[in-house]
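Peer 1: This is the structure I want to talk about, given as C-alpha cells.
The values are calculated or read from the model by the stated rules, or taken from the named source; none is laboratory data. Note that the coordinates shown come from a computational prediction; the quantities given were computed from them, not determined experimentally. For neighbour counting, all protein chains shown are included, and Cβ atoms are generated from backbone atoms with ideal geometry for every residue, glycine included. Ligands, DNA and RNA are excluded from the accessible area calculation, which covers all protein heavy atoms including side chains. Shrake-Rupley method; radii C 1.70, N 1.55, O 1.52, S 1.80 Å.
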Amino acid sequence: MKLDSKIPGGPLETKWERHRFEMKLINPANKRKHRILVVGSGLAGASAAATLAELGYEVDCFCFQDSPRRAHSIAAQGGINAAKNYQNDGDSVWRLFYDTVKGGDFRSREANVYRLAEVSNNIIDQCAAMGVPFAREYGGTLANRSFGGAQVSRTFYARGQTGQQLLLGCYSALMRQVAAGKVRLHVRMEMLDLVVIDGTARGIVTRNLCDGKIESWAGDAVVLGTGGYVNVFFLSTNAMGCNVTAAWRAHRRGALFANPCYTQIHPTCIPQSGEFQSKLTLMSESLRNDGRVWVPAEAGDTRPPHRIPEEERDYFLERKYPSFGNLAPRDIASRSAKEACDAGKGVGPEVGGQRRGVYLDFADAIARLGREEIAGRYGNLFQMYERITGEDPYSVPMRIYPAPHYSMGGLWVDYNLMSNLPGLHVIGEANFSDHGANRLGASALMQGLADGYFVLPYTIGHFLATHRLEPVSTDHPEFRRIEAEVSERTRKLLAVEGTRSVDSFHMELGTLLWNQCGMSRTKEGLEEALTRIPAIREEFWENVRVPGEGEDFNQSLEKAGRVADFLEFAELMCLDALERNESCGGHFREEYQTEEGEALRDDEHFCHVAVWEFRGVGERPLRHVEELEFENVKLSIRSYK
Amino acid sequence: MGWVATFFRSSIGSKFLMALTGILLLFFVLGHMTGNLLIFQGAEALNAYAHWLHDHPKFLWTSRIVLLAIFVIHVTTAIRLKLENMAARPVSYVKGRTLKATLASRSMVFTGLLLLAYILFHLLHFTLGVVQKDATGPSGPGGEKDVYAMVVTSFGNPVYAAGYILAIALLWLHLWHGIASFFQTMGWSHPRWTPLFTFLGKALSLLIFLGYVSVPFSVLTGLLKLPAGGN
Amino acid sequence: MKLILHIWRQPGPKAPGRMERFDLDGISEHMSFLEMLDLLNEKLTAEGKEPIAFDSDCREGICGMCSLVINGVPHGPEKGTTVCQLHMRHFRDGQEIWIEPWRAKPFPIVKDLVVDRSSMDRVMAAGGYVSVNAGSAPDANSVLVGKDTAEQAFEAAACIGCGACVAACKNASGMLFVAAKVSHLGLLPQGREERMRRVRRMVEAMDQEGFGNCTNQYECEATCPKEIPVAFIARMNRDFLKAALFSS
C-alpha cells in the first residue's frame, strides 16, 4: 500500500502557508450543502464542530457523555504551549518545533510539528478572546510558566485546570452554533461503527445510550475526535468512559492504525491502593520542581519513611541523572520508579504482591522555603492528595507511581488530517501525527485545538471541493447492513450469559498489558501477551455476563462493547511493540538500551511510522511503513544526564 | 410596557418585586413602630398623633391604599413563587438535609402567611374595633378613639398581649432573613460590605422586635397604665 | 467495613421509583464512594441482578458527571468534594447510607441514579459564550485583564456544571450555575460586549426550563464542589436589573 502523507514541498517555514493557498475552496453558499459528522466533543472535536459550523457547514456532533462539556480534555491540568515569546526569553516557532520533535524522540513528522508550532499562537489569541481566564500578571498581560523541562517559559495556564477552561471555551463556541441551528448535538450517543461506501467514509452508526436505539447518520465527511486508548490498561488516568471503539471500528473498516505501541506513562500519579481501584489520579508534574524522589536503599525495608535515616535512602533520580535530577523527562522518571519497585524497594501498601510506589518528599523544600511557600505553590495538589489517600503530605512524604496517561499512536492521517479512507478525518489524541514516541507536557491541548480550530477547517474544505460525492442517505443498503451488524453484536454480547463480569476481563487484560507492554517491554513478554490476549478474548465471548437489555440504558453493555474492542486492539498494540526493535520515547524495549540503561534508538531501521492494516480478528495485520524524513533537524541522542 | 410584565414575571424580576415591596413594608413597619413608641411619651403624644392622622383623611387613605397594594403584591408574588418552587421539585428527597439555610429563610412563606393572618386580626382588633369592643370602641368626646387607653386596656389582657408578642416574634424571624436578603437580591454584594449589611439587617430586625414588644411588655409589667380615674 | 445502603431504583423515566435496601460487606476504607458502588454492582452482576445505574466519568472531580445525593447532601458530606473523590474512610462501619439522584424538574431521571441535565446545556446555548469566530481574535495581549479580575473570573469559571447547586437548593433553582457563567464572561473585557444580552437570555432560558426561584438560602454555595460563592448570584441580579431596565 502506498502511503502518501501529502506533505507539501518547499521550505519548512512556508509549507503550511503555501498549502493553504493551494487548497481548493468551497463557495460560502455551498458550504451549507455539506453535512459533516463530528464524533467526540473534547478540545479537538468541539473546536472542529464549532469552527466548521461557523464556516457554514451543517454539523452533527456526537458524544457519549451527557454533555459535550464533560469530554476528558477537561481533566488536563498543566497548561498549553505557544511560541508567543511573551517572556522575551528567546522562544520562537522554530524552537517550539525543535523541542517537540526532540521530545518525541524523532519519531514525528517535521512538517506537522512545524505547523503545530506555527498555529500555537493563534490558539492562545482565540482562547483569550473567548473568555478563557488564563493566569495574568498584575499589569494585565498573560502569565507563563516553564513546564515539562522546557528551557523557556511558554506554557499558558489557568491555575491547575487549563484543560477545563479551554474545553469550556470550545464548548461555549459549540453551544453558540447549536443555538444558531448549525450544529445538531447528540449526547449519550456512542459511535459503534463507520459506514464506508465506495471506499469513502459516508456515515456512522450509533447507539443511543438512553434507550438502546441503533441509528445511522450520513454525511459528506466523518471526523473522529475520540481521544486515546490507554484505558486498554484498565487502570489509567483517563476517564472511565475513554475507549478505542470509534477508532478501532474505523480501523476494522479499513482505516490504518499508526504506532499503537506509543503510550505515555506519567510519573506523578497517586499509587493504587487496592484491587478494587477503578482509576488512577494524576498530579501535576510541577510537584517534581520541589519534591525529591526516593526509595529505601535496601529492598524489603518496610519502616515508615521518617524512621529511615538519610544514608539509607536512595534518591535514585538525583543519583542517576545528576544534571536533571528529579526533573528528568516523563518516560525516564517513570521507568526509574518501576525499576526501583521491581527491585523490591517500593513503598506503600502491597497490591497484587508488590509495593508499587516511591516517595516524593517535600521535607527539604519545606525546611528551605517554609510551609507557607510550599502551600502557595502546591496547596491544591496537596489537598487533592490528602483527600484521596488520607495522608498529610506536609508531614508524610507523598507516594507516587507512574500511570498510563496518553497515547501518541492513533489512526494514521496525512498532512490534511485525513486517514487513508477518503472522507474520514482524525484529530486530536485519536490521530498519531504530532508527538512521535513521547509527548511533551502542555502539548496535548495545543494539538487538539490546533487540529480543531486551525487545520481541519481548512483541509476538510479541500477534501469536499476536490471529491465528487454522490448524495447518500441512511436508506442506502450499506447503512442497513452495518446497522444489522451492530445490532447483532449487541445481541451477541447479551446472549453470552456467562459468569464473569465485564470489568473482570478488562482488569485481566489491563494487568497483562501493564506487565508486558507497559513502561518496559521485552520480546518474550510481548510474545507471551500475544498468546494470552486471544485466549482472554475467546473466554470473554464465551463467559462474559452482561446483565440487562439492549433496548435500555445499560452501562454494562456499553462497557462490554468497549472492552470487546480493547481485546482486539491490545493484540495490535503488542504486535507493534514487538516489531519495533528499538527503544524510543515511551516505547522501551529492554533489549535495546545503552550501557547506562537508556533508550537506544535505531534510526537506520526504525526511523519510520509503523502503519497497520486490519485483516480480520486473529489474523495477522499487515505492517506498512511511512518513512520519516528529517531535513531540518539533526537526529541526536536525547540525553538528560 | 410589555417588558415590565416580562421583567416581573421572570424569576429574578420576581425577586426584585419581593425585595422592593418587602423593603417598603419594612419602612411601614418602622413608621408604625415609631408611632407606637410615642406611647412612652404619654397618652397625649400618642393620641395627638392618632388624631393628626385622623384629621388628614386624604393622606391616611392614600397611604392605606398604597400599603394595601404593596402588601397584596408581596403576598401574591410570594405565593406564586412558592408554587413554582414546589413544582420545580416534583419528587422530594427521601432523606432531606439542610446545611446552611436558616430556620428563618426556610420558613419565610409560613411566617409570612401567619403574619398575614395576624394582621387581619390586628385590623379587626384595633382599626375596626370589632374584636374587643369594650376596650377599643370610641371613647372621646368627638367620637374619636383614646388610642392610649385602647392599647393599655387591650394589652392588659394577657391573651391578646401574648398573641401580639408571638406575631412580632414571627415578624422578627421574617425580617431576620428578609432584610439581609434584600441586599443580595438587589445585587449589592461586596466581600467587605455584605457581612456588615447582613449584621445590620439582623440587628435591625431585633430592634424592631424589641421596639414593638416593649409596648405590651410595659403594659403587662405595669410600666404603662391608665391614668388614675380614667375609664 | 460493612454498610447498609438504601438506593433509589427507577427502571426508566416514566416508571415509578422506590428505595431499595442493600447490605454490602468487604468495603475498604481506601475505596472511593463510587468504587464502593462498583463493588456492589459486581456483586449484583454475579447474582444475576441488574446493576445500579449511576453516572461517573473522570473520577477526579472535574468532569461534573457524578451526581449522587448522599444522606440528603449532593456529593456527600465532604466540603468542596465531588462524590467521585469522596472516600469511604469518612463513613463508619455499619452505617446506613441513603443514596438518591439529583431531584429537580429540569433533571428528569433516566434510570436509577442517572439524570438528564441537558437543560443546563440549553441554558448555555442561550448565551453562555463570547461571539467570536475562530480566526478573528486579536493578539491575546492586546486586551489587558487585571490579575484580580482574571482570578475572579476564574473563580466563577471553575463551575463543573454538575448541577449539585440545583439538587441542593430548597427550590431546585439553577441560579448559582447560571450566575457562575454570567459572571465568568461578564467580568472579562472579552465578554463585556454581550454582557447585557447574555444575562437576559440565559435567565430567560433558565426560567423556561422550570428551575425554581432563588430565595437566598445559600444551600448551593454550601454544597458546590468548587465552592463557588453566592456573591456571583448578586452580581447576576445586578446585571439582570441593568439589562432589563436600561439596555435596548
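Peer 1: With B:SER63, B:SER105 as the choices, which residue is in a helix (DSSP H, G or I), touching a residue at least 60 places away in the same chain (Cβ under 8 Å) and either open to solvent by 80 Å² or more (accessible area, probe 1.4 Å) or hydroxyl-bearing (Ser, Thr, Tyr) (or both)?
Peer 2: B:SER105
Peer 1: Which condition from (1) open to solvent by 10 Å² or more (accessible area, probe 1.4 Å); (2) closer than 26 Å to A:LEU557 by Cα; (3) under 15 Å from the mean Cα position of the chain (by Cα) is the one that C:LEU68 breaks?
Peer 2: The one condition C:LEU68 does not meet is (1).
Peer 1: Another one. Go through region C:72-98 and count every residue that is in a loop (DSSP other than H, G, I, E, B) and crowded, with 18+ Cβ neighbours inside 10 Å.
Peer 2: Counting residues in region C:72-98 that are in a loop (DSSP other than H, G, I, E, B) and crowded, with 18+ Cβ neighbours inside 10 Å gives 6.
Peer 1: Could you list all residues from region C:15-26 that are open to solvent by 10 Å² or more (accessible area, probe 1.4 Å) and either among the aliphatic types (A, V, I, L, M) or within 8 Å of chain A (Cβ to nearest Cβ) (or both)?
Peer 2: Hits for region C:15-26 are C:ALA15, C:MET19.
Peer 1: Out of curiosity, is C:GLU35 assigned by TED's automatic domain parsing to the domain that holds C:GLN85 and modelled with pLDDT under 95?
Peer 2: No; evaluated as a whole, the condition is false for this residue.
Peer 1: Taking the condition at pLDDT 95 or above and in the same structural domain as A:LYS345 (by TED's automatic domain parsing), does A:PRO397 pass?
Peer 2: Yes; evaluated as a whole, the condition is true for this residue.
Peer 1: When region A:465-509 is examined, which residues are found to be farther than 30 Å from A:THR531 by Cα, open to solvent by less than 10 Å² (accessible area, probe 1.4 Å) and touching an Asp or Glu at 6+ places or on another chain (Cβ under 9 Å)?
Peer 2: Answer for region A:465-509, where residues must be farther than 30 Å from A:THR531 by Cα, open to solvent by less than 10 Å² (accessible area, probe 1.4 Å) and touching an Asp or Glu at 6+ places or on another chain (Cβ under 9 Å): just A:ILE482.
Peer 1: Inside region A:372-390, can you point out the residues that are open to solvent by 80 Å² or more (accessible area, probe 1.4 Å) and not acidic (Asp, Glu)?
Peer 2: Residues satisfying the conditions are A:ARG377, A:ASN380, A:GLN383.
Peer 1: Here's another thing I want to ask about it. Anything in region A:224-282 that is closer than 23 Å to A:PRO68 by Cβ, in contact with a strand residue (DSSP E or B) (Cβ under 7 Å, 6 or more places away or on another chain) and part of a loop (DSSP other than H, G, I, E, B)? List them, or say none.
Peer 2: Within region A:224-282, A:GLY225, A:THR226, A:GLY228, A:TYR229, A:SER236, A:THR237 qualify.
Peer 1: Tally the residues that are within 14 Å of chain B (Cβ to nearest Cβ) and not hydroxyl-bearing (Ser, Thr, Tyr), restricting the search to region C:73-109.
Peer 2: The qualifying residues number 23.
Peer 1: Something else now. Any chance you could count how many residues in region A:316-331 are aliphatic (A, V, I, L, M) and surrounded by fewer than 21 Cβ atoms within 10 Å (Cβ to Cβ)?
Peer 2: 1
Peer 1: Return the residues of region A:133-156 that are within 11 Å of chain C (Cβ to nearest Cβ), open to solvent by 10 Å² or more (accessible area, probe 1.4 Å) and either within 20 Å of A:GLY428 (Cβ to Cβ) or of a type in the set (Gly, Ala, Ser) (or both); say none if nothing qualifies.
Peer 2: A:ALA135, A:GLY139
Peer 1: Check A:ALA173, A:ALA201 and return the single one that is part of a strand (DSSP E or B), of a type in the set (Gly, Ala, Ser) and buried (at least 24 other Cβ atoms within 10 Å of the Cβ).
Peer 2: After ruling out the rest, the residue left standing is A:ALA201.
Peer 1: How about region C:183-229: which of its residues are of a type in the set (Asp, Glu) and either open to solvent by 20 Å² or more (accessible area, probe 1.4 Å) or over 24 Å from B:LEU83 (Cβ atoms) (or both)?
Peer 2: Once the filter is applied, which keeps residues that are of a type in the set (Asp, Glu) and either open to solvent by 20 Å² or more (accessible area, probe 1.4 Å) or over 24 Å from B:LEU83 (Cβ atoms) (or both), region C:183-229 yields C:GLU193, C:GLU194, C:GLU204, C:ASP207, C:GLU209, C:GLU221, C:GLU227.
Peer 1: Moving on to the next point. Could you list, in sequence order, all residues of region B:148-162 that are open to solvent by less than 30 Å² (accessible area, probe 1.4 Å) and not hydroxyl-bearing (Ser, Thr, Tyr)?
Peer 2: B:ALA149, B:MET150, B:VAL151, B:VAL152, B:PHE155, B:ALA161
Peer 1: Sort through A:ARG399, A:ARG368, A:ARG377 and tell me the only one that's part of a helix (DSSP H, G or I) and touching a residue at least 60 places away in the same chain (Cβ under 8 Å).
Peer 2: Only one candidate qualifies: A:ARG377.
Peer 1: Follow-up. Does B:THR76 qualify as being open to solvent by 70 Å² or more (accessible area, probe 1.4 Å) and closer than 30 Å to C:ALA205 by Cα?
Peer 2: So B:THR76 passes the test.
Peer 1: So, A:LEU209, is that one more than 30 Å from A:VAL609 (Cα to Cα) and either touching a Gly at 6+ places or on another chain (Cβ under 8 Å) or of a type in the set (A, V, I, L, M, F, W, C) (or both) or not?
Peer 2: Yes, satisfied.
Peer 1: Within the bounds of region A:60-75, is there any residue that is closer than 30 Å to A:SER473 by Cα, open to solvent by less than 30 Å² (accessible area, probe 1.4 Å) and of a type in the set (Asp, Glu)?
Peer 2: Yes; the residues of region A:60-75 include at least one that is closer than 30 Å to A:SER473 by Cα, open to solvent by less than 30 Å² (accessible area, probe 1.4 Å) and of a type in the set (Asp, Glu).
Peer 1: Only one of C:ALA244, C:ALA153, C:ALA137 is modelled with pLDDT under 95 and either at the interface with another protein chain (Cβ under 7 Å from one of its Cβ atoms) or buried (at least 22 other Cβ atoms within 10 Å of the Cβ) (or both). Can you tell me which?
Peer 2: Exactly one residue qualifies, and that residue is C:ALA244.
Peer 1: Now, a different point. Just to be sure I understand, how many residues within region B:14-49 are over 23 Å from the mean Cα position of the chain (by Cα) and either under 17 Å from C:MET175 (Cα atoms) or outside any helix (DSSP H, G or I) (or both)?
Peer 2: 1
Peer 1: Within region A:291-315, track down each residue that is surrounded by 21 or more Cβ atoms within 10 Å (Cβ to Cβ) and under 32 Å from the mean Cα position of the chain (by Cα).
Peer 2: Those that are surrounded by 21 or more Cβ atoms within 10 Å (Cβ to Cβ) and under 32 Å from the mean Cα position of the chain (by Cα): A:GLY291, A:VAL293, A:TRP294, A:VAL295.
Peer 1: Here are A:GLY227, A:GLY212: which of them is crowded, with 24+ Cβ neighbours inside 10 Å, out of contact with any Lys or Arg (no Cβ under 6 Å at 6 or more places or on another chain) and modelled with pLDDT of 95 or more?
Peer 2: None of the other options fit; the residue is A:GLY227.
Peer 1: Starting from residues that are of a type outside the set (Ser, Thr, Tyr) and touching a residue at least 60 places away in the same chain (Cβ under 8 Å), keep the ones in region B:66-83 and report whichever is nearest to the other protein chains (Cβ to nearest Cβ).
Peer 2: B:LEU81
Peer 1: Could you give every pair whose Cβ atoms fall below 6 Å, whose first residue belongs to region C:182-205 and is more than 10 Å from chain A (Cβ to nearest Cβ) and of a type outside the set (Val, Ile, Thr), and whose second residue is surrounded by fewer than 18 Cβ atoms within 10 Å (Cβ to Cβ) and not in a helix (DSSP H, G or I), counting only separations of at least 6 or pairs across chains?
Peer 2: C:MET196/C:SER247
Peer 1: Restricting region A:19-35 to residues that are within 24 Å of A:PRO8 (Cα to Cα) and assigned to a loop (DSSP other than H, G, I, E, B), which is most open to solvent (accessible area, probe 1.4 Å)?
Peer 2: Checked region A:19-35; the qualifying residue most open to solvent (accessible area, probe 1.4 Å) is A:LEU25.
Peer 1: What single numbered condition from (1) open to solvent by less than 10 Å² (accessible area, probe 1.4 Å); (2) at the interface with another protein chain (Cβ under 10 Å from one of its Cβ atoms); (3) within 25 Å of A:SER73 (Cα to Cα) fails to hold for C:SER56?
Peer 2: (1)
Peer 1: For A:LYS182, state whether it is in contact with a helix residue (DSSP H, G or I) (Cβ under 9 Å, 6 or more places away or on another chain) and open to solvent by 20 Å² or more (accessible area, probe 1.4 Å).
Peer 2: yes
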